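K.L.:
Shown below is the structure under consideration.
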Amino acid sequence: MVLNVHVYGMESVKEPAELSAIEQKNLKNKRLGLKLLWLVAGSLLFAFALVPLYDVLCTLTGLNGKTSNTAEMMSKAKLDSSRSVTVQFTSNVMPGLGWNFYPKQPSITLHPGQIETVVFIAKNITNQVVVGQAVPSVTPGIASANLKKIECFCFVRQALQPGEEKEMPLRFFVSPELPADVKEMTLSYSFFPAVEEDK
Amino acid sequence: MSTTTVAHDEAHHDHPTGLMRWLTTTNHKDIGTMYLTFSLIMFLVGGSMILGIRAELFKPGLQLMNPDFFNQLIGVHALIMIFAALMPAATGFANWMIPLQIGAPDMALPRLNNWGFWLLPPSAILLTLPFTLALFGIGDGALATGWTFYPPLSVQGGIGVDFAIFAVHLLGISSVMGSINIIVTLFNMRAPGMTLMKMPMFAWGWLITAFLLVATIPVLAGAVTMLLTDRHFGTHFFDAAGGGDPIMFQHLFWFFGHPEVYILLLPVWGFIPQILETFSRKPMYGYKAQVYSLWAIGALSVVVWAHHFFTAGMPVPALLYFMYSTMAISLPLAVLFFCWIKTMWNGSMSFETPMLFAVGWIILFGIGGLTGLVLADVAADAQYHNSYFVVAHFHYTLFAGGIMGIMAGVYYWLPKMTGNMYNEKLGKWHFWLTAISFNLTFIPQFFVGLAGMPRRIPDYALQFAEFNMISSIAAFVLGLSQLLFVYNIVTCARGGKKATDQVWEGAKGLEWTLSSPPPYHSFTEQPVIK
């Protein structure tokens, strides 16, 4: 039985039971095709689901040097004076932000659990009010979860008047759970032009 | 109504003729021909772009173009070669040959098939239009980020990025539709008695490819959509200042991008063994082992993506995982290589053009695979990353492994598709010119890459001058040799010595039981496989 023209038009007029073999095959093909579309929709959803998943994974594991940007309780700091760790500071200003920005001290050495305050200096070198947002990153990545901030200029956006220079403090400690082989870590801040919030 | 007819002949149909025939056709052979023709044209377009690059790199300093235009050529060359040349060529073969090989009257979803093809020309126009617009002072040219669209560059780029994003959307929709069609065809339309494990290897290669496409193309579509909203609608998926992360784009992109490599290669791994068995005149060695290896490679390909950006910063356990899983792919691949060689072993071999390409392909693709192992090594990759070594490596896999494989397929099936034999002498010339100039183009790039020449830069240090000059001259020979290929195809389509039904003495499989060229409607009565 050979029948391969005009079958599409006939599909709608006949009951499924009356369909010829080829028509039934066409119907079966359409059904499998539609099922596969669900697979496509699934992968598309998966792509967007990766965004929150990626964030969760990064904050949990410190992959990628992401550190928590929320305040820690001071009471969590328990001093471990048996060892010390050196924390180095670096800074970047991203394109579009007319600031000078640098750490006042290149590094400090401290015991895990010891609370310290360090200062970064920012100066607006333009003649306009400029708002910036600092984004931290810690190397090595496995130690990033151990850098605990009590107070930081990076928690909120910072506004500088034209020509204004400001000392920006960071109060932090390194948690005693720091892996034993980490003797040095680097905290880097990148200042970005602040993104406009929805009004 | 002519629905009651039992047997069809050509004259019986009232198909449209001329342009309307091609616009409205749902015939798998017509659509296959259109895919293959489109692919050949885009292969020449993408090739001329890279000749511009090689001309600029002929000697140090900036001679012909500004760096921005250089970057645009590089990115569009890659997108065209991957999405508009290699993928449509494989889909074209699938359309032509899968129904013939499994004894089906046509593809399962013929109208979807037509739509899938006709999305391609608009996307090719979208990709290249910004070049023309720039001539009239609109925008600043095509996408200049390389084909990988990395932010923040792609967020800052001009309208070329938007054009490329929409082109990728269209190309993605097209290949997803093609894949769904192939999966349905292979599952539902096989001739009675042809179990999955009796399918020709080409069908297997494509089945896995199609599943990979359906699973990963939507991820790319999602990633470039996020890029689009970052550019125009104030989202911050990849903007660190807004809480996003540019590295996340690399994860999303390569989650698609690595399987894409196998998407380009699996169809070729399918039909090369068929060519080898034909010209060795003995059955394929290790059919089951090959099928399982193809599945293993398909599965592994989706879990190794981060080896493309080892240097972006990752914890050591992640580096180790991605290194070992990447290297694990070489195990099933080694099984495939063994089967290919064993198929030829003790065979009564003859070296017609398809066989020359197939054997050359094994050697050159092998070099591509081995240099990939070097790059997969985390410690070594720190030196090789982003250098010309990488460029040479992936051209061994994608030009030799992809395009030269496709050429083997073209010479193998051209007599079946056109009914005429191509010019064997010209074919052999084409093979030797291509193989030699290809090696002369890319071997020097391994050396300059090892010595530290970075990719995607229009100028270079003086010590790389000689090797780049060799590479450029060879690239022009390689480019011009392809004109032989085009000439051979065109003359073969127009006439020549008539091909027999079996065409090749050792050819086996259902497609060789039909006449050359096959009738417009074939296997309307499905054959029964015992």
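K.L.:
Can you give me the number of residues within segment B:222-234 that are among the hydroxyl-bearing types (Ser, Thr, Tyr) and at the interface with chain A (Cβ under 10 Å from one of its Cβ atoms)? Give the steps one after another, and end with the answer.
P.N.:
Narrowing segment B:222-234 to residues among the hydroxyl-bearing types (Ser, Thr, Tyr): B:225, B:229.
Retained after the next criterion (residues that are at the interface with chain A (Cβ under 10 Å from one of its Cβ atoms)): B:225.
Total satisfying the criteria: 1.
K.L.:
For B:ALA210, state whether it is farther than 19 Å from B:LEU143 by Cβ, within 14 Å of another protein chain (Cβ to nearest Cβ) and at pLDDT 95 or above. Explain how you work it out, then say what you get.
P.N.:
Details: farther than 19 Å from B:LEU143 by Cβ: yes; within 14 Å of another protein chain (Cβ to nearest Cβ): yes; at pLDDT 95 or above: yes.
It is true that B:ALA210 is farther than 19 Å from B:LEU143 by Cβ, within 14 Å of another protein chain (Cβ to nearest Cβ) and at pLDDT 95 or above.
K.L.:
Further, regarding this structure: What is the residue count in segment B:143-173 for residues that are polar (S, T, N, Q) and within 20 Å of the chain's Cα centre (by Cα)? Let's see the steps before the verdict.
P.N.:
Within segment B:143-173, the first condition is being polar (S, T, N, Q), and the residues that meet it are B:145, B:148, B:154, B:156.
Pick out the ones that are also within 20 Å of the chain's Cα centre (by Cα) and you get B:148.
Selection size over segment B:143-173: 1.
K.L.:
Specify the residue that is nearest to B:ALA312 (Cα to Cα); the eligible residues are those in segment B:241-256 that are at the interface with another protein chain (Cβ under 7 Å from one of its Cβ atoms) and of a type in the set (Gly, Ala, Ser).
P.N.:
Only one residue tops the list, namely B:ALA241.
Yes/no per residue for (1) crowded, with 17+ Cβ neighbours inside 10 Å; (2) within 14 Å of chain B (Cβ to nearest Cβ); (3) among the small types (Gly, Ala, Ser); (4) touching an Asp or Glu at 6+ places or on another chain (Cβ under 9 Å):
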site	(1), (2), (3), (4)
A:LYS123	no, no, no, yes
A:SER144	yes, yes, yes, no
A:CYS152	yes, no, no, no
A:GLU164	no, no, no, no
A:MET185	yes, yes, no, no
A:PRO193	yes, yes, no, no
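For (1) outside any helix (DSSP H, G or I); (2) among the small types (Gly, Ala, Ser), each residue gets a yes or a no:
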residue: B:GLY244; (1), (2): yes, yes
residue: B:LEU264; (1), (2): no, no
residue: B:TRP269; (1), (2): no, no
residue: B:GLN274; (1), (2): no, no
residue: B:LYS282; (1), (2): yes, no
residue: B:SER293; (1), (2): no, yes
residue: B:LEU319; (1), (2): no, no
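K.L.:
Further question: Show me the helices (runs of 4 or more DSSP H) found entirely inside segment B:331-439 where at least 2 residues are touching a residue at least 40 places away in the same chain (Cβ under 8 Å), buried (at least 21 other Cβ atoms within 10 Å of the Cβ) and in contact with a Phe, Trp or Tyr (Cβ under 7 Å, 6 or more places away or on another chain).
P.N.:
Ranges flagged: B:353-376, B:388-395, B:405-418.
K.L.:
Separate question: So which residues in segment B:269-289 are farther than 19 Å from B:PHE351 by Cβ and surrounded by 24 or more Cβ atoms within 10 Å (Cβ to Cβ)?
P.N.:
Result: B:TRP269, B:GLY270.
K.L.:
Can I ask one more? Looking for whichever is assigned to a loop (DSSP other than H, G, I, E, B), of a type in the set (A, V, I, L, M) and more than 14 Å from chain A (Cβ to nearest Cβ) here; the options are B:VAL528, B:VAL477, B:VAL490. Which one fits? First the steps, then the outcome.
P.N.:
Details: B:VAL477 fails: assigned to a loop (DSSP other than H, G, I, E, B); B:VAL490 fails: assigned to a loop (DSSP other than H, G, I, E, B).
B:VAL528 is the lone residue from the list that is assigned to a loop (DSSP other than H, G, I, E, B), of a type in the set (A, V, I, L, M) and more than 14 Å from chain A (Cβ to nearest Cβ).
K.L.:
Name the single residue that is nearest to the other protein chains (Cβ to nearest Cβ) among those in segment A:16-53 being farther than 18 Å from B:PHE256 by Cα and of a type in the set (S, T, N, Q).
P.N.:
The selected residue is A:ASN29.
K.L.:
(1) buried (at least 16 other Cβ atoms within 10 Å of the Cβ); (2) of a type outside the set (Val, Ile, Thr); (3) part of a loop (DSSP other than H, G, I, E, B); (4) without any contact (Cβ under 8 Å) to a residue 60 or more places away in the chain: which one isn't true of A:LEU178, the others all being true?
P.N.:
Among (1) buried (at least 16 other Cβ atoms within 10 Å of the Cβ); (2) of a type outside the set (Val, Ile, Thr); (3) part of a loop (DSSP other than H, G, I, E, B); (4) without any contact (Cβ under 8 Å) to a residue 60 or more places away in the chain, the lone unmet condition for A:LEU178 is (4).
K.L.:
I need a count of the residues in segment B:181-207 that are closer than 16 Å to B:PRO527 by Cα, away from chain A (no Cβ under 12 Å) and buried (at least 20 other Cβ atoms within 10 Å of the Cβ).
P.N.:
Qualifying residue count, segment B:181-207: 3.
K.L.:
Further question on the same structure: Using the structure shown, decide if B:ILE182 is of a type in the set (A, V, I, L, M, F, W, C), under 28 Å from B:HIS77 (Cα atoms) and touching a Gly at 6+ places or on another chain (Cβ under 6 Å).
P.N.:
Working: of a type in the set (A, V, I, L, M, F, W, C): yes; under 28 Å from B:HIS77 (Cα atoms): yes; touching a Gly at 6+ places or on another chain (Cβ under 6 Å): no.
Criteria not met by B:ILE182.
K.L.:
So is B:PHE238 under 23 Å from B:ALA89 (Cβ atoms) and either among the acidic types (Asp, Glu) or more than 7 Å from chain A (Cβ to nearest Cβ) (or both) or not? Step through it out loud before you land on a result.
P.N.:
Working: under 23 Å from B:ALA89 (Cβ atoms): no; either among the acidic types (Asp, Glu) or more than 7 Å from chain A (Cβ to nearest Cβ) (or both): yes.
Judged against the criteria, B:PHE238 is not a match.
K.L.:
Give the residues of segment B:449-473 that are touching a Phe, Trp or Tyr at 6+ places or on another chain (Cβ under 8 Å), crowded, with 20+ Cβ neighbours inside 10 Å and not hydroxyl-bearing (Ser, Thr, Tyr), sorted by residue number.
P.N.:
Selection gives B:GLY449, B:MET453, B:PRO458, B:PHE467, B:ASN468.
K.L.:
Considering only residues that are within 15 Å of the chain's Cα centre (by Cα), of a type in the set (A, V, I, L, M, F, W, C) and farther than 15 Å from A:THR90 by Cβ, look in segment A:116-155 and name the one that is modelled with the lowest pLDDT.
P.N.:
Here the residue is A:ALA145.
K.L.:
Can you find a residue in segment B:167-174 that is among the polar types (S, T, N, Q) and within 29 Å of B:ASN114 (Cβ to Cβ)? Don't jump to the end; show me each part of the working.
P.N.:
Step one: of segment B:167-174, the residues among the polar types (S, T, N, Q) are B:174.
Now drop any that are not within 29 Å of B:ASN114 (Cβ to Cβ), which leaves B:174.
Looking for residues that are among the polar types (S, T, N, Q) and within 29 Å of B:ASN114 (Cβ to Cβ), one finds at least one in segment B:167-174, hence yes.
The values are calculated or read from the model by the stated rules, or taken from the named source; none is laboratory data. From a predicted model like this one, the values you see are computed outputs, not experimental measurements. Note: ideal-geometry Cβ built from the backbone for every residue, glycine included; neighbour counts use all protein chains shown.
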